Structure formats: C-alpha cells, structure tokens
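This report refers to the structure that appears directly beneath it.
Just so it is clear, none of the values below were taken in a lab; they were calculated from the coordinates. For clarity, every value in this text was computed on a predicted model and none was experimentally measured. Cβ atoms come from the backbone with ideal geometry, glycine included; neighbour counts cover every protein chain shown.
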Amino acid sequence: MVLQVVKKSYKLNICPLTNAKIKRLEDLENRYRTVLNVIKTGLEYWDALPGSDDLPFKKFNLQKLLYNGISKDSDLQSQQIIDAMSDAWSNRKAPCARFKHPAIPYNCPRSGKLGRTAKGNPVMAIATDDSGSKRMAIPIAMDGAWDRFRKEIDNGWTFTYFELHYRRSKGIDRWCVIVTLRKEFFVKDLELSRTVLGIDTGSGTLAAGSVIDKDGRVVRQRYFGRDIAHRQRDIGLRRSKLQGFADKGSRKARKKLNALKGYEENLVKTRCYQVAHELVDWALEHGSMIAIEDLKGLHKPRKKTKNKDGKRKGIPRFIEKKINRKVHRMPTDIFPTALTSVAHQNCTGVGKVDPSYSSQTCSRCHTVNRNYRKGRIFVCGNCGLVMNADRNASVVIAGRLLSERPKVPLTEGQISGRGDRVNGHDWDHEGVRDTGRGPAQTPESNPVNLFTGG
C-alpha cells in the first residue's frame, strides 16, 4: 500500500455584496494586480533593478531585491506577496504580458478562514491588510455547490488554501471563492494487484484497455470513449461553417460561435471523467493496477527538418497538418489526471510508463518496426501477429509496467486540466479550478477547516 494525496477544487458562489464590500474587494484586487505588474516589470528589466549587479537571474534573488519595498507599499499579506512573485516568475517568458484580474490567494487560518455567522450562515473571513486587523466577511451562497462542498468536508477532505476570484458573467461583475481540497488515500501497488490494466490513449479511441496477468497473458480487452472523436469532428465542422458566416458579418453566427466556445471543452471533460469511472470499475473487477503512458510534452511543436536544397523532409505538409490536428484534440492532460484522481479515490494504483515506440512494438515478440503498423491494424513481420493497433499498444504498455515497475513511481492524484489563468489554476470535473501550488507559509501537514462564530 502506498499513501497518495488527491487534490480537487470547488467553486463556492458568493451572495450579492454591498457597495462598501465591493469597493474594498476592488481596492484589494488593484493592490494585488499592481504588485504582480511591478514584479513582472522587474523581471523584464532585470539589469535596471537597483542592487541586481552580479546577481544571477533567479527567483530567490527576485524576492531578495523586491520583497521589502513591495511589503511597505502594498499593505498586503506576506504570503500574498510571495505567491505574486511565484506567479510572475512562472510567466516570465511571456514578454509584455500584464495581469488584469488575478485570483487573490489566502492561507488558512493566517489570512483567511471559513466561518459562520450567529445565524449559522457560512462566510469566508479574509484579511485586507498586512497586519490582519482589517477583516471582511464574504457571505457564501448556500446552493448546490455549498451542499457538495460540505459533503466533502464531512467525508474527511480538508483545505489550507483558497482563492478569491473575479469573473464577469452575463454582463454582471461577480466574485467567487475557489477552495482546494485534499485527502490522503492508501492505494494498492503492483505487489497487491492480481493483474495489470494497460491503457493506450489515441485520437480515434480515447482509451483501449487490456488486462494482463503477471505472466503476460491477456485476460480481456475493451474500448472506451470512441464517441469523443466523432463529436469533436462534428463540432469542428460546425465551428468552421459558422466562422465563414461570421467573417461575412453575420451577428447571429458570431453569437453562436461564442456559445460554442466552451461547449467542446466541457463535453470532453465530462466524457473523460465518465470513461475514467468505467475504467476504474473494470480495474476493480479484475484487481488490476493501471498503467498509462506519460504523454507530457506531446503537444509541443516539433522541429522542422529540411534537406540541403531547403526542402522539407518527411511526410507532406497537408498530412502533417492533419496529424497535428488529431494530436491536439487528444485530451492528454485532463484524461490522465481524471483517471489518476478517480483511481486513487478507489484505492487503485496508477503508474506511468515510457510511451516510446509503444505503437510500433509487437506485444508478442517485442520487435520494433514502424512499418508493422498498417493504419488501425498491427501486422508483425517477425512472428505473424495480426491485431488491432490500439489493443497491441495497450498490451505493450501493461507489459512495460511489469518490467519497469522499480523505476516507475505512482502518479500523484490532482484534479486539473489545461487553463490560461495567471496563477496556474486547473479546471477539474466540477467546472472549477485547482491552483496546484499549495500554501506559501501554512504547512500542508496541518490542514485547518474552521467553522467558528463571527
């Protein structure tokens, strides 16, 4: 058994605020945004900073040069200043980028805490100055999100960190609280598992799974999530058609495009978690540990090679564009994260293996040859194996977990996905974000949930 920490985030809605509280929140956001932009400017003009002579361009030196001055002028919590430096440092490669509506971080219980009023209504008490003497209570709406959040707290989930987030919805300025929950689970490793479930993630089939025993014999094989690629294709065709009308000045098409913007993302996210639950149930049925590919960096642009004559090498450009389109549609971020989170919550271990040449390797004789794959069929020229290419790759992935187990750590469960937020927030299956950063000063080992009066 291995101890794993699973994180996920919940969005708590806020009741309508008074004008006085709105002004205080706007002032707080302006101060935090100013600090972020000052730090970003210091990163862009490092050599012009006083005292930066002969100092390496490092995050530690950034804090050494700017912290004292920012602490005196901003009247923010020290934890917030440190988090602002982390945010600006993570975005240092984006030139001339400025922050508009950054999420304001808080630690529990130093700068913020969850409490309730004398009538029992939930509030989030936050500090608005450096000393912590000025505090403000943000009323939490007791809706479905609050009920789900309280159910998680009752089930043992804890938190030490939350964020105050501004958003504009339907022309109205709104605020919400994003809380990062965490819980520890004991998951089974390979020694306690009877079989291994290998999963091959593809563009046409989201997950092709093969269950093999520890002797390498295939027990069962199945496909999952084949409908996602078809629905993505239909959405893409609809988007291109609407874009053509919008380019001609159609306001109705432009409105439809805006409504379609987040539809595909939400659809894929929902189906990824549904498939993750199906896979975990199947793994529990066979007592399996799950093996997945480490697809980090798959979406990075590839280097273009040219001949001596200046012409491109390899496959034609139109075929390469088609392949890249399929690769970029693959949910290689949200699906492994969803699978890991659901598996760990069900005490099932997940291990990542090297994906190199998994689709070109024969699962029977382990011969590697790129010409053996004929579209969707894998035909081995050495041993004569004829098999679906995705199924063959899933068997190879499961076998690699058995052979490379001492080198493969269990993955850390964290509900996240792709996002463009300044603080690195990640969307989870509830439609909310997880910072993935943790508190700057409060130890993770002492989570605090306070339901105190006031």
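Here the extension length gained between K321 and R238 equals 27.9 nm, from 0.36 nm per residue of separation less the Cα-Cα distance.
Say the dipole of segment 190-407 comes from +1 at the beta carbon of Lys and Arg and -1 at that of Asp and Glu; which of S403, S250, C347 then lies farthest toward its positive end? Final value for the positive-end residue is S250.
Rounded to the nearest 20 debye, the dipole size of segment 128-259 about its Cα centre is 1200 debye, using +1 on the Cβ of Lys and Arg and -1 on the Cβ of Asp and Glu.
Would you mind working out the magnitude of the charge dipole of segment 190-407 relative to its Cα centre, with +1 at each Lys and Arg C-beta and -1 at each Asp and Glu C-beta, to the nearest 20 Debye? Mind dumping the intermediate values first?
Values: 46 positive and 20 negative charges, 401 e Å.
For segment 190-407, the charge dipole is close to 1920 debye.
Full extension of the chain between D354 and S133 gives 74.3 nm of extra length, using 0.36 nm per residue less the Cα-Cα distance.
List the GluC sites (Glu not before Pro) within segment 122-188 that DSSP assigns to loop and that have no more than 10 neighbouring Cβ atoms inside 10 Å. Intermediate values should be presented prior to the final figure.
Numbers: sites: E152, E163, E184; in loops: none.
Taking segment 122-188 and a limit of 10 other Cβ atoms within 10 Å, no loop GluC sites (Glu not before Pro) are found.
Distance between the C-alpha centres of segment 147-209 and segment 51-76: 35 Å, rounded to the whole angstrom.
One Cα centroid belongs to segment 367-392, the other to segment 221-268; the line between them spans 34 Å.
Which percentage, to the nearest 5, of the DSSP beta bridges contained in segment 190-407 is antiparallel? Don't skip to the end; give the middle numbers.
Details: 19 of 27 bridges.
Just about 70 percent of them are antiparallel.
For V218 and C365, compute 0.36 nm times the residue count separating them, minus their Cα-Cα distance, and round to one decimal in nm.
On the way: separation 147, 0.36 × 147 = 52.92 nm, distance 1.42 nm.
Residue separation times 0.36 nm, minus the Cα-Cα distance, leaves 51.5 nm.
The distance between label points at L49 and C15 comes to 4.4 nm (points 7 Å beyond Cα on the Cα→Cβ vector). Modelled this way, with points 7 Å down the Cα-to-C-beta line, the labels at R254 and D143 are 2.9 nm from one another.
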